[in-house]
């Protein structure tokens, strides 16, 4: 059973452990997969389970979810294809590590280590917004944007604070656009774009999907300490241009 468990882990996590073919009881555990995740960010983890399973995190700041809604330090399920979301909470010291232990078929092994990293840059500037149906733009002041690249620099999360999308809005809102496809050039310029993305809008303490604020297009770049992007959404059109102020 132990060898079957380990062989399954090898296949489902694409790890490359070494096994002895001479002795069924002399099996080397799989190499632990090491991942980096931005503070206040998320990562996917997928595998195939041959039996009932449970995945546990040993850190309170590293949470898991099987439905992308409810997060806790442990999740469990039955045999089959499994998709997990790993979430790193805010205010975690850079470099902190959480170990994820998988229990299945009577055995338990640490299969993943998650390192909290902060690759965020904070920008400040003005955002010109053209409200839907309006013919003149207005200036929304004190808007801040934070950009966070994932570990492989293939995707980018964009956080917009203090935004208004029409002059009559009584208050500003905070939104997140997650996993925007990103490409980094040799010169260090990060280009990002995406079509048809539902933003997460802050409601009290939580960020919730808000289809009514749908982005039909967003494209921009991060280079030389500056952030630029243009976006079309159901509530209007806007552009952002700002300089980096803190790291």
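What follows draws every value from the coordinates through simple rules; no lab data is involved. Computed from a prediction, not measured in an experiment: that's the story for all the values here. Glycine gets a Cβ as well: all are built from the backbone with ideal geometry, and neighbour counts include every protein chain shown.
Brief remarks follow.
- Segments 63-69, 86-92 sorted - mean Cβ within 10 Å per residue, highest first: 86-92, 63-69
- Fewest-first sequence of 215, 204 by Cβ atoms within 10 Å of each Cβ: 204, 215
- Annotation for residue 241 and residue 202: the two label points, set 7 Å from Cα along the Cα-Cβ direction, are 2.7 nm apart.
- Residues 115, 159, arranged from fewest to most other Cβ atoms within 10 angstrom of their Cβ, appear as 115, 159.
- Once the Cα-Cα distance is subtracted from the 0.36 nm per residue extended length, the residue 108 to residue 174 segment shows a gain of 19.7 nm.
- Shown for 217, 203, 42: other C-beta atoms within 10 Å of each C-beta, ranked fewest to most, produce the order 203, 217, 42.
- Whole-Å distance, taken between Cα centres, linking the range 50-76 and the range 101-117: 10
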